[in-house]
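As structure tokens, the structure follows; a few thoughts come after it.
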Amino acid sequence: MSISISSEVLGTLSVTVAETTGVLSVSVLATAPAVLTMELGTPGPSPTITVGTTTTLAPGSPATVTDVGTALAAVFDFGIPQGTAGTAGATGATGATGATGAGVAAGGTTGQLLTKVSGTNYDTNWTTVIPGDRYLTTSVTSNSVSNGNKTFTIGTGLSYTPTQNLTISYNAANHMHGEVLTYNSGTGVLTVNINNHTGSGTYTSWVVNVGGVTPVTSVAFSDITGAVSGNTNLQAALDLKANLASPTFTGTPTLPTGTIGTTQTPGNSTTALATTAFVTTADNLKAPLASPVFTGDPQAPTPSTADNDTSIATTAFVKAQAYLTDAPSDSKAYVRQNAAWLALVSDIPDFAWYDHPPAAYGTSVANGGAIAVASANCHNLVTSAGTANSRASVFTAKNTSAAVYVPQFNGNQADAQFRLNWSRKLAIFTAFNSGTIGLIAANVDYYFVVGQTSTAFTGTFSDKGMGVQINTTAANVTQIRIIYHDGTTSKTSSYVSFGTAAANNIMTNASVALFSDGTGTIKLFAYSNVLQGLAITVTDGPTGVSNSNHNVNIGASLMTGGTASQNTITMLQPRIYYGL
């Protein structure tokens with residue numbers, strides 16, 4: 001609203017404005033009459049003040065007042081410090097003693113217990129209890145139900161003492177009975193001797209208590225204590241018996257059969273009384289355990305064929321070992337097969353053999369090898385001690401007319417075609433030993449072959465053929481394999497052990513034989529201090545006629561490697577057998 005004030009004089013002018021609670025004072029200072037005009041606004045809301053929270057502060061802290069309200073609505077939060085603790089007041093006077101409760105007996109002494117006198121409420125009095133021994137306890141020690149000494153951990157402070165009987169039970173079907181050996185009341189460790197039990201099994205939940213009546217059990221006579229004489233009837237019965245040690249019989253002792261005191265005839269096996277004379281005679285008929293000498297035809301159990309201990313070897317056991325016996329002496333050539341001697345002629349069905357004439361063998365050396373020493377039936381092959389890769393060979397030279405009579409050859413003298421027919425049966429054989437020196441170096445090779453030319457018995461085939469290669473892996477230690485050619489490819493079998501070093505000569509009476517059956521199967525029979533019979537079989541050997549002429553010869557070579565060494569083999573003149 002607007003207020004206009006007119007003043008004609010100087011001074012102070014008071015104006016009261018309606019609908020307000022105040023008085024407006026105006027000072028007029030003008031030097032002349034004036035008019036004062038003012039605008040008054042609408043009255044605003046009334047402000048408020050509210051008490052907020054009151055917080056107790058730590059003793060000695062300053063008091064705080066915080067306005068958390070607004071300009072027209074103040075809210076004051078107060079912080080009032082706690083006052084210091086005042087001095088404790090004096091203890092008040094003790095109140096009067098209350099009345100005694102119903103049924104609670106007055107008096108009593110230390111150690112007494114409050115016990116019920118009757119079923120009436122609160123009817124009690126003080127009783128002095130006399131404690132007794134305590135035995136009932138439990139144990140979780142794992143033990144089996146069986147006799148013998150055992151250890152359990154039970155409760156402490158119990159009254160067990162040595163020799164007391166006790167019962168330890170898992171349930172009614174599994175329990176033990178014995179006596180206390182030791183008990184430590186502080187630790188609860190109990191050792192017992194269990195002498196009777198029922199049931200079985202191992203458990204970890206036991207109830208232990210002092211023993212009652214021990215179940216009846218049978219007791220060994222030796223476990224009975226006390227004097228037998230205390231039982232009159234038992235002692236009287238024992239007095240009628242003879243001692244076991246040196247008994248003295250009375251009256252006329254008898255046995256079921258036999259004559260008293262008479263020495264029985266040797267061999268008697270009845271219940272007759274045996275005198276010392278009888279026993280001595282019988283003992284003299286027995287062989288001693290140490291170094292017995294048997295007579296007659298002693299028998300013994302036959303051990304199993306693979307037995308290898310100190311058992312007695314019967315004749316049946318020896319024969320089961322497939323032992324090597326002498327071959328028949330009928331001028332035939334034999335090999336050992338399946339624990340039997342096999343003749344190269346008549347024992348092989350459909351075989352008819354022709355022995356290659358041995359007269360035309362030649363010898364050859366290479367790279368300084370010593371000249372082979374020839375005789376009617378054997379050859380001594382010697383390599384050079386000073387030249388590496390030396391060779392000593394012995395071979396046939398049946399390349400032309402000498403082979404005309406051999407049906408194995410596919411050809412004739414006029415056409416000069418001499419080729420082996422590998423679809424017929426063929427065999428080669430020789431025997432040898434290590435000679436005066438032996439095979440003293442590693443990587444020495446001995447070849448025995450058929451199907452090479454007469455100048456190239458080095459173990460390398462250019463056409464169909466077969467042979468053996470013996471190779472040293474160390475001094476006097478050898479391995480053997482089949483070498484062969486199927487007309488296209490040279491092949492070898494795997495090596496097998498042939499000889500082991502033994503007293504300077506590993507190949508005494510050693511021999512080898514190769515058989516080609518005409519279908520490509522070649523079998524090697526070898527005899528040494530390692531092998532005794534069929535050693536290797538191959539099935540992809542040559543068949544059909546050889547590809548080239550003249551490779552019809554048989555021979556052998558002893559060859560060294562890159563290190564010079566003198567080696568010897570003395571061999572039986574090789575033999576070849578052609579199937580007719």
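The values are calculated or read from the model by the stated rules, or taken from the named source; none is laboratory data. From a predicted model like this one, the values you see are computed outputs, not experimental measurements. Methodologically, a virtual Cβ is constructed for each residue, glycine included, from the backbone with ideal geometry; neighbour enumeration extends over all protein chains shown. These area figures cover heavy atoms from the full protein model, side chains too; ligands, DNA and RNA do not enter into them. Shrake-Rupley method; radii C 1.70, N 1.55, O 1.52, S 1.80 Å.
Of note:
- Accessible area, probe 1.4 Å, largest first, for residues 123, 445: 123, 445
- Each residue was assigned an accessible area with a 1.4 Å probe, and for residue 140 the value is about 120 Å².
- Placing unit charges on each Cβ (+1 for Lys and Arg, -1 for Asp and Glu) gives region 49-205 a dipole about its Cα centre, and among 71, 184, 49 the Cα reaching farthest toward its positive end belongs to 184.
- Residue 536 - accessible surface, heavy atoms, 1.4 Å probe, Å² rounded to 10: 20 Å²
- Nearest-10 value in Å² for the accessible area of residue 109, using the 1.4 Å probe: 90 Å²
- Relative to the current alpha-carbon distance between residue 80 and residue 242, full extension at 0.36 nm per residue lengthens the span by 46.6 nm.
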